[in-house]
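Data first, discussion second: the structure below is written as structure tokens.
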Amino acid sequence: MNDSLKIPFYRHDLTPTDAQAVASVLATPFLTSGPTGRTVEAQIAAFHGVPHALLTNSWTNGALAVLLACDIGAGDEVIVPAMTFIASANVVELLGAKPVFVDVDPDTLLMTPAGVVAALTSRTRAVMPVHLYGQMCDMRGLRHVLREYPDIKIIEDSAHCFEGTRDGERPGTWSDAAVFSFYATKNVACGEGGAIICRDSDLYERLLQTRLHGMSATAIDRYQKNTYRPWDMLRLGGKANLPDLLAALLPRQIEAVEPRLTERQRLVARYRDAFADSPLRMVAEAPCTISAEHMFVVHAGRARDEAIVKLNAAGIGVGIHYSAVPLTTYYRNKYKFAASDHPVSSEWGTGTLTLPLYVSLTHAEQDYVIEAVRRFVYPLIQGGGKR
Ligand SMILES: *Cc1c(COP(=O)(O)O)cnc(C)c1O
């Protein structure tokens, strides 16, 4: 093996063309949200086949805007999977509501409609399915089991899935809103950013407010009219609008999202082939689903932490996605969770390991990763062995 090879966990592939797009914004008066963002919102709405899209400065602030627009707060419960990024639960907690964690399917690691039904109470106000690693939850099934509860909102955490489908349908089809992240390492990325899509026009009007301080008119509206218009504050809002400087990085990636997905699929197929007969566990493919292939994740059992040290020493960047949220110190202390409360998520969280996966990863680099896993990680699992 070539020891000089260094393979980061993630490497963006923005180009001088993207730098030019940012420079074009700098040449206009709009450093914050303006015409570039409006164009990207139309592009996102068209891609997902929904009437409304709003760019946000992160998934987190976008999700807060959605929860605020749905008047979710103290005394309310929101059902969240135990296997996700902490942000999915934190937005609920930040508004004084209670995240109710449900365990996930042991094969796909996705929240299930049956799991949601078992967690419903009279205080349930919303459900937040998370499309983990790029595979969509069973949204049709979820909407079906909630058909008797029209007041319970479905808010998709689609941070891992901009471009995937399930049953041929994209995010936003069965939910009240879906929220994306354009954080640095996501499939579509602008450093920090995100978007909300929705179908309901009343919700859209409220989101325009909760995205920007609860104000009745946006800065761009005031500017375009060229006369100052007084505004009022109609409801409590946050600060979630995306500046055009960052929005300018998005159109080219969204245009190319299908060929970029094809490249990710090729890389994932190579990993799956290479590890087919290995002692590593892999995530099962959900039925009728085109994954956005956001992450390639394996389970190395009790050897995980040692595997990370070995792979880092070989110059390979890896990640953990995720430790079960209820077992993080904050949630464990506040709600007194034990691993046995969410056994699948807890067990997955102790052994999971994420390998490099991005469009600019070459096959030679990927072969180096595969070889290092075979050489350094397999013996740890086989030696330290029983799971
Ligand atoms: C990245 C991520 C988020 C948070 O996204 P930000 O844009 O950083 O706020 C939320 N949920 C999941 C599942 C994520 O992976």
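The values are calculated or read from the model by the stated rules, or taken from the named source; none is laboratory data. None of the values given here were measured: they were computed from a predicted structure. Every residue, glycine as well, gets a Cβ built from its backbone with ideal geometry; the counts of neighbours run over all protein chains shown.
Filtered by the rule that a residue be in a helix (DSSP H, G or I) and within 15 Å of residue 153 (Cβ to Cβ), the range 96-118 gives a lone residue, 116. Across the range 97-107, not a single residue is classified as buried (at least 20 other Cβ atoms within 10 Å of the Cβ), over 30 Å from residue 341 (Cα atoms) and not basic (Lys, Arg). Within the range 190-211, the residues that satisfy the criterion of being buried (at least 21 other Cβ atoms within 10 Å of the Cβ) and either among the small types (Gly, Ala, Ser) or without any contact (Cβ under 8 Å) to a residue 60 or more places away in the chain (or both) are 193, 194, 195. The residues listed here are 336, 310; of these, the one that is surrounded by fewer than 21 Cβ atoms within 10 Å (Cβ to Cβ), out of contact with any helix residue (DSSP H, G or I) (no Cβ under 9 Å at 6 or more places or on another chain) and modelled with pLDDT of 95 or more is 336. For the range 68-86, the tally of residues that are buried (at least 24 other Cβ atoms within 10 Å of the Cβ) and either without any contact (Cβ under 8 Å) to a residue 12 or more places away in the chain or more than 16 Å from the ligand (Cβ to nearest atom) (or both) stands at 1. State whether one or more residues within the range 112-121 are surrounded by 20 or more Cβ atoms within 10 Å (Cβ to Cβ) and either of a type in the set (S, T, N, Q) or under 18 Å from the mean Cα position of the chain (by Cα) (or both). For the range 112-121, residues surrounded by 20 or more Cβ atoms within 10 Å (Cβ to Cβ) and either of a type in the set (S, T, N, Q) or under 18 Å from the mean Cα position of the chain (by Cα) (or both): present. For the range 168-184, the tally of residues that are more than 10 Å from the chain's Cα centre (by Cα) and either among the basic types (Lys, Arg) or closer than 22 Å to residue 356 by Cβ (or both) stands at 2. Of all residues being of a type in the set (S, T, N, Q) and in contact (Cβ under 8 Å) with a residue 60 or more places away in the chain in the range 261-307, which is nearest to residue 375 (Cα to Cα)? Just the residue, please. Residue satisfying both the conditions and the ranking: 278. Scoring residue 246 on the criteria (1) assigned to a loop (DSSP other than H, G, I, E, B); (2) over 28 Å from residue 82 (Cβ atoms); (3) in contact (Cβ under 8 Å) with a residue 40 or more places away in the chain leaves a single failure, condition (1). When residues in the range 339-359 are screened for being under 24 Å from residue 307 (Cβ atoms) and surrounded by fewer than 16 Cβ atoms within 10 Å (Cβ to Cβ), 2 of them pass.
Of the residues 21, 65, 89, the single one that is over 23 Å from residue 208 (Cβ atoms), outside any loop (DSSP other than H, G, I, E, B), within 15 Å of the ligand (Cβ to nearest atom) and touching a residue at least 24 places away in the same chain (Cβ under 8 Å) is 89. Looking only at residues in the range 32-62 that are in contact with a helix residue (DSSP H, G or I) (Cβ under 6 Å, 6 or more places away or on another chain) and not small (Gly, Ala, Ser), the one that is nearest to the ligand (Cβ to nearest atom) is 60.
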